[in-house]
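Novice: Here's a structure for you.
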Amino acid sequence: MTATQADAVWAAIDDQRERTADMLERLTDEQWEHPSLCDGWTVRHVAAHLTLQQSGFRDVAAFLAQHPGLLRSVTLNRSIHDSAVVQSQLPTEEVVGRIRGMIGSRRHNFFVTPLETLCDILVHSQDIAMPLGIELAMAPAACETAATRRWDTRRSWMSAVFRRLPLDDYRLVATDTGWTRGHGPTVEGPIGALLLLLTGRAAALDRLTGPGAETLRGALDAGR
């Protein structure tokens, strides 16, 4: 990644962090406890998870020392969920303040790249907004960068945190950018919805069209 590309990624992260913090500040107590798009996660859990985007090795070690029960989380996804539950005990104002306080910083979790941080804030902000019926904007260029990263790493260990949807036999086409990947029946729509699909959010199909979208929707329904 060039310096110019890195600047663009961090600017996009800051932009979505600000949008997310602004949204969270307006939520009611009831909305904070509403289920998110993540199974078993409330809005509060997702927001609390976003406060953990800057954990270096020492930060993780200190967090585990403070909460040793997390050592019993035997899988990556379970560890992520359990740490979010612990962090969700913070006061609402502090959760929002920590997210807003990260704006302008370039720290990121020690085991991932800034591209994962970008994907995390984009997707999780929608995990909060969509179930609440809130239209939260995302910059198409940022979504395109994140979607490319998710497509390119879909067979790596990084994909383990996402629900695996059978997308390899479809052609994904963004209607608001020039982004396209794959071959097969077309699934088309906003790049933000395609990013959500690439990260295992079947709810994104409500925003997507094309013969591939119908086929995929049928396949997912049949698998339930």
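The values are calculated or read from the model by the stated rules, or taken from the named source; none is laboratory data. No experiment lies behind these values; they were computed from the predicted model shown. Quick reminder, even Gly has a Cβ in these numbers, built from the backbone with ideal geometry, and neighbours come from all protein chains shown. For accessibility, only protein heavy atoms count, side chains too; no ligands or nucleic acids. Shrake-Rupley method; radii C 1.70, N 1.55, O 1.52, S 1.80 Å.
Novice: Ignoring ligands, DNA and RNA, what percent of the 1.4 Å accessible area of the stretch 183-224 is carbon and sulfur? Walk me through the numbers before you get to the answer.
Specialist: On the way: 950 of 1770 Å².
Accessible surface attributable to carbon and sulfur in the stretch 183-224 totals 54 percent.
Novice: Let me ask something else. Can you tell me the length gained on complete extension of the stretch Thr153 to Thr4, counting 0.36 nm per residue apart and subtracting the Cα distance?
Specialist: On the way: separation 149, 0.36 × 149 = 53.64 nm, distance 2.21 nm.
Between Thr153 and Thr4, full extension yields 51.4 nm more.
Novice: Hey, another quick one. Taking only Cα atoms and a 10 Å spring cutoff, compute GNM fluctuations for the chain and point out the largest among Ala174, Ala65, Ala137.
Specialist: In the Gaussian network model the winner is Ala65.
Novice: At 0.36 nm per residue, minus the direct Cα-Cα distance, what do Arg107 and Asp82 gain on full extension? Give it in nm, one decimal, please.
Specialist: Values: separation 25, 0.36 × 25 = 9.00 nm, distance 2.23 nm.
Difference between extended and current length: 6.8 nm.
Novice: What GluC sites (Glu not before Pro) does the stretch 1-110 have in DSSP loop regions with at most 15 other beta carbons within 10 Å?
Specialist: Values: sites: Glu18, Glu25, Glu30, Glu33, Glu93, Glu94; in loops: Glu33.
Answer in residue order: Glu33.
Novice: Per residue, how much accessible area does the stretch 1-154 show when a 1.4 Å probe rolls over the protein heavy atoms, in square angstrom?
Specialist: Here the per-residue accessible area is 49 Å².
Novice: Does the stretch 1-56 come out rounded, prolate or oblate by the C-alpha gyration tensor, with a ≥ b ≥ c the root eigenvalues, rounded set by a/c under 1.5 and, if not, prolate when a/b is larger than b/c and oblate if not?
Specialist: Working: a/c = 3.02, a/b = 2.03, b/c = 1.48.
Verdict is prolate for the stretch 1-56.
Novice: Another one. What number, in percent, do you get for the relative contact order of the chain if the mean sequence gap of Cα pairs under 8 Å and at least 6 apart is divided by its residue count?
Specialist: 19
Novice: Also, quick follow-up: Once R0 is set to 22 Å, what does the formula 1/(1 + (r/R0)^6) return for the Cβ-Cβ distance between Thr92 and Arg207, expressed as a FRET efficiency to the nearest 0.05? Walk me through the numbers before you get to the answer.
Specialist: Details: r = 29 Å, r/R0 = 1.32.
Efficiency, from the Cβ-Cβ distance: 0.15.
Novice: Here's something else I'd like to know. Could you work out the helix-only [θ] at 222 nm for the chain, with each DSSP H run of four or more residues adding -39,500 (n - 2.57) and the total divided by the number of residues, to the nearest 500 deg cm²/dmol?
Specialist: Counting only the DSSP helices, I get -16000 deg cm²/dmol.
Novice: Students often check this: by mean Cβ neighbours within 10 Å, which of 145-151, 208-214, 45-51, 165-171 ranks highest, and how do the rest follow? Working shown, then result.
Specialist: Values: 145-151: 22.0, 208-214: 18.1, 45-51: 24.1, 165-171: 16.0.
In descending order of packing, they fall as 45-51, 145-151, 208-214, 165-171.
Novice: Of Val85, Val112, Val96, which has the largest mean-square fluctuation in a 10 Å C-alpha GNM of the chain?
Specialist: Comparing Val85, Val112, Val96 in a Gaussian network model of the chain, the most mobile one is Val112.
Novice: Could I ask something else about it? With a/c under 1.5 counting as rounded, go ahead and sort the stretch 1-98 into rounded, prolate or oblate using the C-alpha gyration tensor (a ≥ b ≥ c being the square roots of the eigenvalues; past the cut-off, prolate if a/b is larger than b/c, else oblate).
Specialist: Judged from the Cα gyration tensor, the stretch 1-98 comes out oblate (a/c at least 1.5, b/c at or above a/b).
Novice: With both partners inside the chain, how many of the DSSP beta bridges are antiparallel, as a percent to the nearest 5?
Specialist: On the way: 4 of 8 bridges.
Counting only bridges with both partners in the chain, antiparallel ones make up about 50 percent.
Novice: Between the stretch 73-106 and the stretch 123-200, how far is it from one alpha carbon centroid to the other, in angstrom?
Specialist: Between the Cα centres of the stretch 73-106 and the stretch 123-200 lies a distance of 23 Å.
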